[in-house]
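S.K.: The structure follows.
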Amino acid sequence: MVAWLFSRLKLSGFLCKNQRGLNLNYLQGRYLVNIRLKWVKDKDLDTVVSAEKDLKAVCFLVSIISSSPEHCLPVYHLRRHRRQLGIPNDVKMSTFIRRYPSIFHESHILDSAGTRVPSFCLTPEARELHAEQIIVLRQCWTDLRSRLCRLLMLTSGCTLPLQTIDQLRWDMGLPYDYQNSFIPYNHDMFSFIRLQDHRIGLKLLKWDNDLAVSELQKNAASQQMEEDIRNGYLAFPIGFTRGFGLNRKCMDWLKEWQTLPYTSPYCDASHLDPRTDVSEKRIVGVFHELLHLTLQKKTERKNVSNLRKPFSLPQKFTKVFERHPGIFYISKKDDTQTVILREAYDGDKLVQKHPLVSIRERFTSMLRKGQLDRSRGLYKKDPSGHFHNDEVNETLYSSEEVSDHNMLLEYDSESDGLIDNNC
């Protein structure tokens, strides 16, 4: 019934400048059509989300602990990061960490009052995998810098508040402490500035025309008709959950919507009337590009809530996720809404896997194994009721072991030749 949506034809490239010749009367005459498409559960994409439960918080904790001078931190220091870790308010920090004995080893220190308090370091296996992650991060330095550049290029002033970037850093693969370990070594590209609301923001210093080409434009040659490319009528790849049905009215609307002019997310769209389908297609293009900038082509819906003004979007802009379920899927797993780019997945597998994603998958396997071993009784309780594995080497990091910050210090931002860029 919707087989025409999946055809792929071989064609040539498309440039943003072609859009200047579009008929503005036509553009402004296509008002939004009142169409509502149903949400249908996609088990494969829900699995993608549920498989990573707690992974971001665990990986951030690994980075925080490994970057500390002693490579071991008392729980009251870790609590300071609770909000950015996203740990539920009804879960104690120590309780959360003890869920994953394959990653964290618990000991005790005395506080200033002489009271024993929990302190956590990494297990040898976690230290080894984190060291591999640092190496991969260095290899992907140029790729991550390009992703951050393109994110800022999507905004009207090439500027975003650090708070907004913080919400996206995990999805984009940036280090947890990117403000100290990443930005200063790209001072020719980025600058910290004071915003009008007195917050600190990050500004892109150089516009790069080579980066101002969207993923849809890059893939146009293999996915679009040559005549449509010349006229700027690029269509988005579409796919639906098995069993998803479209009535004739929805099919006709979607087919016509796909033939509307495509406005690159890197181009000025101030001439578009926000009440039109053409403007909506531009919004879809913005988030299509944003999700392509993430490692796993997904992000929590709340992470984009602060992007309306920077991206020059109308009110209620996130409704495009519901109106276009063939492009985006909204997973409702883990008490949140996660927006996923459908075209990036074959079932529950990424079509193109970033090297950092492979590291994250290994962390996920380690989490599962630790929980399984704990359920089998392989982790014993000490007199305080805390789990530990007798085989774990309790020796803390030596002063020679690497942290995120020290490893990245070795990178010379002016000499890309020192890094094997495998990303």
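S.K.: Give the calculated FRET efficiency between residue 50 and residue 218 to the nearest 0.05, with a Förster radius of 22 Å applied to their Cβ-Cβ distance.
M.R.: 0.10
S.K.: Starting at 0 and stepping by 10 Å, how many percent of the alpha carbon pairs of segment 178-220 end up in each bin?
M.R.: The distribution over segment 178-220 is 23, 36, 30, 11, 0, given as percents.
S.K.: For residue 36 and residue 112 in the same chain, what is the full-extension length gain: residue separation times 0.36 nm, less their Cα-Cα distance, in nm?
M.R.: Stretched fully, the residue 36-residue 112 segment lengthens by 21.3 nm.
S.K.: If I histogram all Cα-Cα distances within segment 86-154 using bins 5 Å wide from 0, what percent of pairs lands in each bin?
M.R.: 3, 13, 13, 13, 14, 13, 13, 9, 5, 2, 0
S.K.: Could you tell me what percent of the accessible area of segment 259-350 is made up of carbon and sulfur, with a 1.4 Å probe and every protein chain present?
M.R.: 44
S.K.: Per residue, how much accessible surface does segment 134-283 expose to a 1.4 Å probe? Answer in Å², no decimals.
M.R.: Ligands and nucleic acids excluded, the result is 41 Å² per residue.
S.K.: With a 1.4 Å probe and all protein chains kept in place, how much accessible area does residue 263 have, in Å² rounded to the nearest 10?
M.R.: The accessible area comes out at roughly 10 Å².
S.K.: Stick to Cα atoms and the Kirkwood definition of Rh, then tell me Rg/Rh for segment 234-387. Please list the in-between numbers first.
M.R.: Values: Rg = 20.5 Å, Rh = 18.3 Å.
So for segment 234-387, dividing Rg by the Kirkwood Rh gives 1.12.
S.K.: Using only C-alpha positions, report the orientation-averaged shadow area of the convex hull of segment 286-361, nm², one decimal.
M.R.: Over all viewing directions, segment 286-361 projects a mean Cα-hull area of 5.6 nm².
S.K.: For residue 348, what is the net charge nearby, where nearby means another residue's Cβ is under 11 Å from its Cβ and Lys, Arg count +1, Asp, Glu -1? Kindly include the intermediate steps, with their values, before the conclusion.
M.R.: On the way: positive: 43, 349; negative: 42, 44, 46, 346.
Net of charged neighbours comes to -2.
S.K.: Just the accessible area for residue 76, please: 1.4 Å probe, Å², rounded to the nearest 10?
M.R.: Number for this one is 90 Å².
S.K.: If only Cα atoms are counted, what is the Rg of segment 183-304, and what is its Dmax, in Å?
M.R.: 17.9, 55
S.K.: Sticking with this structure for a sec: Full-extension gain between residue 203 and residue 242, please, as 0.36 nm times their residue separation minus the C-alpha to C-alpha distance.
M.R.: Between residue 203 and residue 242, full extension yields 9.7 nm more.
S.K.: Sorted by accessible area (1.4 Å probe), largest first, how do 146, 305 line up?
M.R.: Largest to smallest exposure gives the sequence 305, 146.
S.K.: Figure the gain on full extension for residue 166 and residue 372 (residue separation times 0.36 nm, minus the Cα-Cα span) and round it to one decimal in nm. Spell out each step's value before the answer.
M.R.: On the way: separation 206, 0.36 × 206 = 74.16 nm, distance 3.22 nm.
Going from the current span to full extension adds 70.9 nm.
S.K.: Rounded, prolate or oblate: which fits segment 130-220, taking a ≥ b ≥ c as square roots of the Cα gyration tensor eigenvalues, rounded meaning a/c under 1.5, else prolate when a/b beats b/c?
M.R.: It comes out oblate by the Cα gyration axes.
S.K.: Just how much of residue 206 is accessible, in Å², when a 1.4 Å probe is used and the result is rounded to the nearest 10?
M.R.: The accessible area comes out at roughly 110 Å².
S.K.: Using a 1.4 Å probe and counting only protein heavy atoms, arrange 308, 282 so the residue with the most accessible area comes first.
M.R.: Largest accessible area first, the residues go 308, 282.
S.K.: Work through the residues other than residue 84 whose Cβ is under 12 Å from its Cβ and net out their charges, Lys, Arg +1 and Asp, Glu -1. Kindly include the intermediate steps, with their values, before the conclusion.
M.R.: Working: positive: 56, 79, 80, 82, 83, 169; negative: 166, 177.
Net charge in that neighbourhood comes out at +4.
S.K.: Roughly how many whole Å is it from the C-alpha centroid of segment 145-186 to that of segment 44-113?
M.R.: Computed from Cα coordinates, the inter-centre distance equals 23 Å.
S.K.: Follow-up. For a paramagnetic label modelled at 7 Å from the Cα of residue 309 toward its Cβ, which residues of segment 147-168 fall within the zone defined by backbone nitrogen distances under 15 Å?
M.R.: Output list for this probe position: 155-165.
S.K.: Something else now. Shape verdict for segment 35-133, please, from the Cα gyration tensor: rounded (a/c under 1.5), prolate (a/b greater than b/c) or oblate.
M.R.: In terms of gyration-tensor shape, prolate.
The values are calculated or read from the model by the stated rules, or taken from the named source; none is laboratory data. The shown structure was predicted, so the numbers you read here are calculated from the model rather than taken from an experiment. Heads up, the Cβs are rebuilt from the backbone with ideal geometry, glycines too, and the neighbour counts pull from every protein chain shown. Quick note on the areas: whole protein, heavy atoms, side chains included, nothing else; ligands and nucleic acids left out. Shrake-Rupley method; radii C 1.70, N 1.55, O 1.52, S 1.80 Å.
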